[in-house]
Structure formats: C-alpha cells, structure tokens
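> Pasting a structure below so you can have a look.
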Amino acid sequence: MVGFFVFAAILLLTWWYHSYSIKKTYRMIDQFLDCVLEQEEIPYSQIKEGELSSLVHKIHRIQEVLGKQVEAAEEEKEQVKGLVSNITHQLKTPLANLSLYTQILMCQEADESQKAEICQKIEKQIDKLDWMVNSLTKMVKLEQNVIIFECQDISIKKTILDAIDAIYGKAERKRIDLVAKPFKDCALYHNRKWTAEVFVNLLENAVKYTGDGGTIQIQVFPYEMYTEIQFIDNGRGIPKEEVAQVFKRFYRGKEVENIEGSGIGLYLSNLILEREKGYMTVKSVYGAGSCFSVYLKNAGKGA
C-alpha cells in the first residue's frame, strides 16, 4: 500500500512539473512573439544554454525577415512618393502652357495668324505630353520587368542609321554637322527598335546641348567582348560634379533646368541597355563637349 502511494505521488509530481514546464514555455514563447510584433529585441538572457535555443533562434530569424520586409515596404513607399512628385512636376509645365494657350485662343482679340501660331504651340505641347507619358510608362514597365523584348545578333549599322534618320531634321535646323565615321559593320547582341531609341535619346541630347553650327560624331570601336559606339559632341559639356548624376531618374543639371527636358531619357536608356546585357558611360569636359559611349556585346557573346 505504501508503495502505491509513493508511485502515485511520483506520478503527481511528474504531471505537475510537466504542466509547469508547458506553462512556462508557453509564457516565454508568448513573450517572444510580443517582441516580434512590437519590433523589440528578444531577451536572450532568459534562455539557458540549450534550452529552447533552437526555437528562439528561429523566432529571431522570423523577426529579422519581417523587419527587412517592413524596411523594404517603407523604402518602396518613399520611392513611389518621389516618383509621383517627380511626375507631377514634369507634367505641370506643359499642362500650364496648354491652359494658357487655350485661354488666348478663346480671346476674341487674337487674329487668325496668332491663332495659327498658338495652335502650333498647343500641338507641340501635346506631343511633349505624349512623349513624356509614353516614356514614363516604358520606364515603370522596365523597372517592374513587365516589358520583355527579344535580343539577337544583328547589324549595328542599320540601328545607327535608324537613329540618325530620326533626328537628322533637328540637327539640320541648327546647322549641326552629323558625322558618322566609317566603320566595318558587325553583328551585335541587341534589339533594333529599343537600341535605336537609346541612340535617339543620346543624339537628341547632343543636338539640344550643342550650339548652332556645332558637330556631332558617331564612332564605332570593336573589342574582344563588346563593341563601343561613341556619340561625341562639342556642346556645353557637363560640370564635373554632375557627371555621376546624369543617369539618375529625373535628374536635370542646374544650368539646364530652364532648357526643355524631362530627365527621363538617359535613365530609360540605361534600363534598356541592362536588358540587352550592355551598359553606358560618359566622359565630359565642361564647356567643350561630351562623349557618351554605349557598349553592346559582340555576336555570340550575348546569349
């Protein structure tokens, strides 16, 4: 009989200790989860060596993952706010101009010649808005990997000629000599339509920032892995402290803020080249001109 009571007492003590341990473990886990929710540090000092260490380590890893996700969400939120702010700023000027021109057209004092001139200005602003909206759409889609375009080893000369044709009229109006130095045609890994857009962006910038009677040169230099396509102008150049900034989204130099532009072209061009496994660099001497170089992979090196 005594043995029975001793056995029963042992069972009771075992049950009580097991129950106490479960409650203690539950309270500890509950405390740790509160730390995760409140983004507070987990009190490791309460854990003895080996006791619940594996579980606490996993909870801590979950806390780190959640923390990184919160940081990423906040960073993305700030990026979206900045993007919206920049887009609003870019669209404000053409919209204001359209409003002004419309008011002038409605004025009965404007004669037919004035109205015709204003209609041309309105058309120009509409074209600018259309270009900006299309560029912004491409930019966002490329950033989000929504746009996927195929690249292949094709002639680079045809792509360069397409870009020259697109801006030749603008260069001619400013009496700018557009010179493509002779080179041996070669197949480079790229998408003709999208790469031509990159070249057009560079050539339009060169025309915009080069004075009347200036010169723009295009040169091609093949290397082992890449071929370099240079776009060289003798325009105003870029201040040394701004060279590293020109490829940033919406960046406009201080001295060109009053010149028509959006700060999208170079950033968009970089996004396109990234999809083609290429890249772009710039060298510039302030007051003497700039050289933008596009590097595309040689045939057989891109896939």
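Table: residues versus (1) of a type in the set (Lys, Arg); (2) within 24 Å of the chain's Cα centre (by Cα).
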{"residue": "Arg175", "(1), (2)": "yes, no"}
{"residue": "Lys181", "(1), (2)": "yes, no"}
{"residue": "Lys193", "(1), (2)": "yes, yes"}
{"residue": "Phe199", "(1), (2)": "no, yes"}
{"residue": "Leu202", "(1), (2)": "no, yes"}
{"residue": "Asn205", "(1), (2)": "no, yes"}
{"residue": "Asp212", "(1), (2)": "no, no"}
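> Could you look through segment 165-208, keep only residues that are surrounded by 13 or more Cβ atoms within 10 Å (Cβ to Cβ) and of a type in the set (Lys, Arg), and pick out the one that is nearest to Ile229 (Cα to Cα)?
For segment 165-208, the residue satisfying everything is Arg192.
> Next question, about the same structure. The conditions are (1) loosely packed, with under 14 Cβ neighbours inside 10 Å; (2) modelled with pLDDT under 80, and Gln152 fails exactly one of them. Which is it?
(2)
> What pairs come up if the first residue lies in segment 129-154 and is within 19 Å of Lys92 (Cβ to Cβ), the second is among the small types (Gly, Ala, Ser), and their beta carbons are under 6 Å apart, counting only those six or more places apart or on different chains?
Listed pairs, sorted by first residue: Met132/Ser262.
> Determine whether Gly211 is on the phi < 0 side of the Ramachandran plot, surrounded by fewer than 18 Cβ atoms within 10 Å (Cβ to Cβ) and in a helix (DSSP H, G or I).
no
> Filtering segment 264-303 down to residues that are among the β-branched types (Val, Ile, Thr) and part of a strand (DSSP E or B), which residue is farthest from His190 (Cα to Cα)?
Val285
The values are calculated or read from the model by the stated rules, or taken from the named source; none is laboratory data. The structure displayed is predicted, hence computed values, not measured ones. Note that each Cβ is placed from the backbone with ideal geometry, even for glycine, and that neighbours are counted across all protein chains shown.
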